[in-house]
Amino acid sequence: MLEQVMNQYNEAVMDTDRDQALLVVRDALALGVTPEEVVFNIVVPAIELMMKAISEEQGVTLAQHFMAAQIASEVVDDMVPRFRKAPESVGTVIIGTSQGDFHGLGKRIVSGCLKAMMVEVTDLGLNVAPERFVDEALAHDAQVIAISSMMVHTAQGENGCRRVRQILKERGLERRIRIAVGGAPYRFDPELYRNVGADAWAENGITAGRVITGLIREVRP
Ligand code: B12
């Protein structure tokens, strides 16, 4: 039965049909599928499938990519409180777009993928000042600050990742908090992340999940 539910869910996600995807989940729960199975046997494989389709250039559209992450995020938020045993959080991430940058789609995809991987995400939204990234990371005891920049000047400029790195250094936080970056400029220059002082970058939401959980493991006691 799980396989059938998974196929129905995947079909709805590929059709960017949020309501149908949620209906599939609701019906599955009514038939006895557990919330844990929904997350780990349906939602996560659907995200992985989407990733495979993207990496194999199977013609996935931005809308499909975006909705897969949005639906995943919504279902995970709904299922986790129903788990029989509270799932162990993998870690905590603060995410936002760099100061001056109002491109939020990539960040939302990354957030959805992280949530599906049991990472707690605090989304600071758009146009986030570097000091705020650090203050919120401390307030939430986060292991990673994730900065999304879609424009060259917000990726390279003095009010983005470079400044966050400087603040971490000034406050002696570099051993405790890692920085991940992403967005179009980093795809054009895969060395850019080093130049702006980040610890890692990722090309898309799924690889972001892997990279960021790796950074969490580096610093989490
Ligand atoms: C949509 C869009 C907009 C929308 C944004 C809507 C919104 N709510 O987000 C609007 C219309 C508001 C907009 C405005 C502007 N835009 Co615009 N925009 C775009 C466009 C078409 C798509 C960007 C996007 O959302 N991509 C979709 C996401 C999913 O992209 P993605 O990179 O695949 O994301 C993945 C990865 O990058 C990664 N990732 C992303 N973030 C992160 C973070 C971390 C930590 C990690 C690990 C990974 C990661 O994972 C994501 C998911 O898989 C691009 C062109 C393009 N084709 O890229 C221009 C583009 C980014 N914009 C551009 C410009 C110039 C502007 C404006 C200045 C235009 C103007 N003159 O007003 C303004 C600037 C506003 C501002 N200050 O931010 C330029 C930037 C040029 C440059 N080299 O810097 C671009 C490249 C267009 C162009 N070719 O000129 N824009």
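It is to be established whether one or more residues within segment 14-32 are in contact with a helix residue (DSSP H, G or I) (Cβ under 6 Å, 6 or more places away or on another chain), in contact (Cβ under 8 Å) with a residue 60 or more places away in the chain and part of a helix (DSSP H, G or I).
There is no residue in segment 14-32 that is in contact with a helix residue (DSSP H, G or I) (Cβ under 6 Å, 6 or more places away or on another chain), in contact (Cβ under 8 Å) with a residue 60 or more places away in the chain and part of a helix (DSSP H, G or I).
Look at Phe102 and say whether it is of a type in the set (Phe, Trp, Tyr) and away from the ligand (no atom under 12 Å from the Cβ).
Spelling it out, it is not the case that Phe102 is of a type in the set (Phe, Trp, Tyr) and away from the ligand (no atom under 12 Å from the Cβ).
Inspect segment 32-50 for any residue being within 12 Å of the ligand (Cβ to nearest atom) and closer than 16 Å to Met14 by Cα and give the result as yes or no.
Taking segment 32-50 and keeping what is within 12 Å of the ligand (Cβ to nearest atom), we get 47, 50.
Next, only the ones that are closer than 16 Å to Met14 by Cα stay: 47, 50.
Yes, there is a match, as at least one residue in segment 32-50 is within 12 Å of the ligand (Cβ to nearest atom) and closer than 16 Å to Met14 by Cα.
Considering each of Gly96, Gly59, Gly100 in turn, give the residue that is small (Gly, Ala, Ser) and at pLDDT below 85.
Just a single option satisfies the conditions, and that option is Gly59.
Answer yes or no as to whether Val76 is assigned by TED's automatic domain parsing to the domain that holds Leu126 and closer than 27 Å to Ile177 by Cβ.
no
Taking helices (runs of 4 or more DSSP H) that fall entirely within segment 126-221, which contain at least 1 residues that are under 16 Å from Thr92 (Cβ atoms) and not aliphatic (A, V, I, L, M)?
Fully inside segment 126-221 and qualifying: 130-139, 205-219.
For Ser55, which of the numbered conditions (1) within 13 Å of the chain's Cα centre (by Cα); (2) within 16 Å of the ligand (Cβ to nearest atom) fails to hold?
All conditions pass for Ser55, except number (1).
So Val181 ticks every box in (1) within 14 Å of the ligand (Cβ to nearest atom); (2) within 30 Å of Lys52 (Cβ to Cβ); (3) in contact (Cβ under 8 Å) with a residue 60 or more places away in the chain but one. Which box is left unticked?
So Val181 meets the others, but not (3).
Only one of Ala137, Ala86, Ala69, Ala129 is among the small types (Gly, Ala, Ser), away from the ligand (no atom under 12 Å from the Cβ) and buried (at least 19 other Cβ atoms within 10 Å of the Cβ). Can you tell me which?
None of the others qualify; the one that does is Ala137.
Let's see how each residue does on (1) surrounded by fewer than 20 Cβ atoms within 10 Å (Cβ to Cβ); (2) among the aliphatic types (A, V, I, L, M); (3) free of Cβ contacts under 8 Å to residues at least 60 places away in the same chain; (4) away from the ligand (no atom under 14 Å from the Cβ):
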residue: Met151; (1), (2), (3), (4): yes, yes, yes, no
residue: Gly157; (1), (2), (3), (4): yes, no, yes, no
residue: Glu191; (1), (2), (3), (4): yes, no, yes, yes
residue: Trp201; (1), (2), (3), (4): no, no, yes, no
residue: Gly205; (1), (2), (3), (4): no, no, no, no
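The values are calculated or read from the model by the stated rules, or taken from the named source; none is laboratory data. Please read all numbers here as calculations on a predicted model, not as lab measurements. Virtual Cβ from ideal backbone geometry, glycine too; neighbours counted across all protein chains shown.
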